[in-house]
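Participant: So that we are looking at the same thing, I have put the structure below in structure tokens.
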Amino acid sequence: STQGYSSAASDVYKRQGLTLLLAFLLTACGSKNTESTKTHEQAGTQYADLLSITPEDGYTRVDVRTEKGGRPVATYLLVPRESEQPKNLPAGEVLKVPVQSLVVNTTVYAYPLKELGSLGVVKGVTDASYFTMPEIRQGLKEGSVADVGNAQQPTVEKIVELAPDGILINLFEGMNAGALPTSGTPYIKMADNLEATPLGRAEWIKFLGLLTGKEAQADSIFSQVVKDYTALTDKAKNARNKPKVLVENMYEGAWYVPGGNSVSARLIEDAGGAYPWINDTKTGSLSLSYEQVLGTAGDADIWLLKVFGQQLSRASLAAMDKRYTQFQPYRTGKVWYSDTATSSLFDYNAFHPELVLSDYVLIFHPELAEQGRKPRFYRQMQP
């Protein structure tokens, strides 16, 4: 899936504290090797492990990685559009900013661009049927937004006709980005979905802010996300129990669940849930058999899954696969689903994890809920 998968708060705080300590020690010891010892804070990020933002003389350098501590898979040199391009730039893709037009490959990036006041730069999309945002749907209908085909095989002719400043894509596990067809238009690679923490992923809005000339707005949005997310994790710590949480369902013979080092797993843990595969080290997904999932999570307390364009009932879930009736949440009715055709879950989950976390806290710990509060993206399965 091009959508990808959306650390415990204490882990975030520990890593941030360690970074601050290292910064202090390096400053105290002098300024040698400053290029190789830059901290997240000095590089413009606090939580993201796969994104580095470094202001330079006349441009901003952005490095994108797919592994923590790995070599960059892409380096972008963002040069102000109205400025003269600096001489002797290092190796990297030069992008004039703010960008004026983009092709976007997932609805995940449409909402933050809208929130930054820059949705107008989206001139084309791939996998158009997955875009639920009304503005994009209307643009597709009127022709102001072009459908350029499948994300893995976009129509090069349409891209050439649009002549965008870049094609915004998200990298996912196992993807061969080098094999993507090119029209000479640069691919702007996002690896936010490979981050290990929800706040690490959300911080990638700073890259979108740099691309669109909305750095201050992006910083403000992210600061509020951190504040709200932290408050919710603190609230979840007061819960009386820690329910075991099963996620997703069978798809074409396999049951794909988030790896234990993924954003999705961390969201469950931060909401005070117990994720059965939390000890796994993958940031991507695990492909499991039905029997493996039943053996590990058949006794789950809560089941979270996604559907598209339907309301879920006990009968309709059993109709998908009668074996689902063997899971405890099916019998107890504690199955919660998000209809991604209408819930806007994919519009918000990457850059507003605090909203998803809020749903999880309400579902896992109803005793902590304010009276009248209901989940935003999820609904309980009908009897």
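The values are calculated or read from the model by the stated rules, or taken from the named source; none is laboratory data. These numbers come from a predicted model, not from an experiment. In this analysis, Cβ positions are derived from the backbone assuming ideal geometry, glycine residues included, and neighbour counts consider all displayed protein chains. The protein model used for the area step is the full one, side chains on, heavy atoms only, and it has no ligands, DNA or RNA in it. Shrake-Rupley method; radii C 1.70, N 1.55, O 1.52, S 1.80 Å.
Participant: Quick one: in the stretch 361-374, which of the residues that are closer than 29 Å to residue 116 by Cα and open to solvent by 20 Å² or more (accessible area, probe 1.4 Å) is modelled with the lowest pLDDT?
Facilitator: At the first step, the residues of the stretch 361-374 found to be closer than 29 Å to residue 116 by Cα are 361-362, 373-374.
Narrowing further to those that are open to solvent by 20 Å² or more (accessible area, probe 1.4 Å): 362, 373-374.
On the way: 362: 97, 373: 90, 374: 94.
Checking each candidate, the answer is 373.
Participant: While we're looking at this one, here's another question. Given the criterion open to solvent by 10 Å² or more (accessible area, probe 1.4 Å), touching a strand residue (DSSP E or B) at 6+ places or on another chain (Cβ under 7 Å) and small (Gly, Ala, Ser), identify the matching residue among 273, 253, 213.
Facilitator: On the way: 273 fails: open to solvent by 10 Å² or more (accessible area, probe 1.4 Å); 253 fails: touching a strand residue (DSSP E or B) at 6+ places or on another chain (Cβ under 7 Å).
Matching residue, one of 273, 253, 213: 213.
Participant: Looking at the stretch 102-213, what strands (runs of 3 or more DSSP E) fall wholly within it and have at least 2 residues that are closer than 25 Å to residue 264 by Cβ? Show your work before the answer.
Facilitator: Working: elements: 102-104, 122-125, 166-170, 187-190.
It comes to 166-170, 187-190.
Participant: Also: Conditions: (1) out of contact with any Gly (no Cβ under 7 Å at 6 or more places or on another chain); (2) at pLDDT 95 or above; (3) on the phi < 0 side of the Ramachandran plot. Residue 236 meets all but one. Number of the miss?
Facilitator: The number of the failed condition is (1).
Participant: Which of the residues that make up the stretch 186-200 are within 25 Å of residue 96 (Cα to Cα) and of a type in the set (Gly, Ala, Ser)?
Facilitator: 191
Participant: Checking the structure you have, find out if any residue of the stretch 84-93 is assigned to a loop (DSSP other than H, G, I, E, B) and under 30 Å from residue 308 (Cβ atoms).
Facilitator: Taking the stretch 84-93 as the starting set, the residues that turn out to be assigned to a loop (DSSP other than H, G, I, E, B) are 84-92.
Restricting the remaining residues to those that are under 30 Å from residue 308 (Cβ atoms) gives none.
The answer is no, given that none of the residues of the stretch 84-93 is assigned to a loop (DSSP other than H, G, I, E, B) and under 30 Å from residue 308 (Cβ atoms).
Participant: Assigned to a loop (DSSP other than H, G, I, E, B) and polar (S, T, N, Q): is that true of residue 241 in this structure? Walk me through it before giving the result.
Facilitator: Details: assigned to a loop (DSSP other than H, G, I, E, B): yes; polar (S, T, N, Q): yes.
The answer is yes for residue 241.
Participant: Only one residue in 119, 140 is open to solvent by 10 Å² or more (accessible area, probe 1.4 Å), within 16 Å of residue 158 (Cβ to Cβ) and of a type in the set (A, V, I, L, M), so which one is that? Write out each step before concluding.
Facilitator: Details: 119 fails: within 16 Å of residue 158 (Cβ to Cβ).
Checking each option against the conditions leaves just 140.
Participant: Still on this structure, please answer the following. Could you pull out the residue among 59, 47 that is in contact with a helix residue (DSSP H, G or I) (Cβ under 6 Å, 6 or more places away or on another chain) and modelled with pLDDT of 55 or more?
Facilitator: Details: 59 fails: in contact with a helix residue (DSSP H, G or I) (Cβ under 6 Å, 6 or more places away or on another chain).
Within the list 59, 47, the selection yields 47.
Participant: I would also like to ask the following. I'd like the full set of residues that are of a type in the set (S, T, N, Q) and under 17 Å from residue 284 (Cα atoms), limited to the stretch 57-82. Working first, answer last.
Facilitator: Initially, the stretch 57-82 is screened for residues of a type in the set (S, T, N, Q), giving 60, 66, 75.
Hit for the stretch 57-82 is 66, nothing else.
Participant: Additional query: Can you tell me how many residues in the stretch 303-323 are more than 19 Å from residue 359 (Cβ to Cβ), open to solvent by less than 60 Å² (accessible area, probe 1.4 Å) and either of a type outside the set (D, E, K, R) or in contact with a Phe, Trp or Tyr (Cβ under 7 Å, 6 or more places away or on another chain) (or both)?
Facilitator: Residues flagged as more than 19 Å from residue 359 (Cβ to Cβ), open to solvent by less than 60 Å² (accessible area, probe 1.4 Å) and either of a type outside the set (D, E, K, R) or in contact with a Phe, Trp or Tyr (Cβ under 7 Å, 6 or more places away or on another chain) (or both) within the stretch 303-323 amount to 5.
Participant: Answer yes or no as to whether residue 187 is farther than 26 Å from residue 59 by Cα, open to solvent by 10 Å² or more (accessible area, probe 1.4 Å) and not small (Gly, Ala, Ser). Let's see the steps before the verdict.
Facilitator: Numbers: farther than 26 Å from residue 59 by Cα: no; open to solvent by 10 Å² or more (accessible area, probe 1.4 Å): yes; not small (Gly, Ala, Ser): yes.
The answer is no for residue 187.
Participant: Which members of the stretch 334-360 meet the condition of being open to solvent by less than 10 Å² (accessible area, probe 1.4 Å) and either over 23 Å from residue 225 (Cα atoms) or among the basic types (Lys, Arg) (or both)?
Facilitator: Within the stretch 334-360, just 335 meets the criteria.
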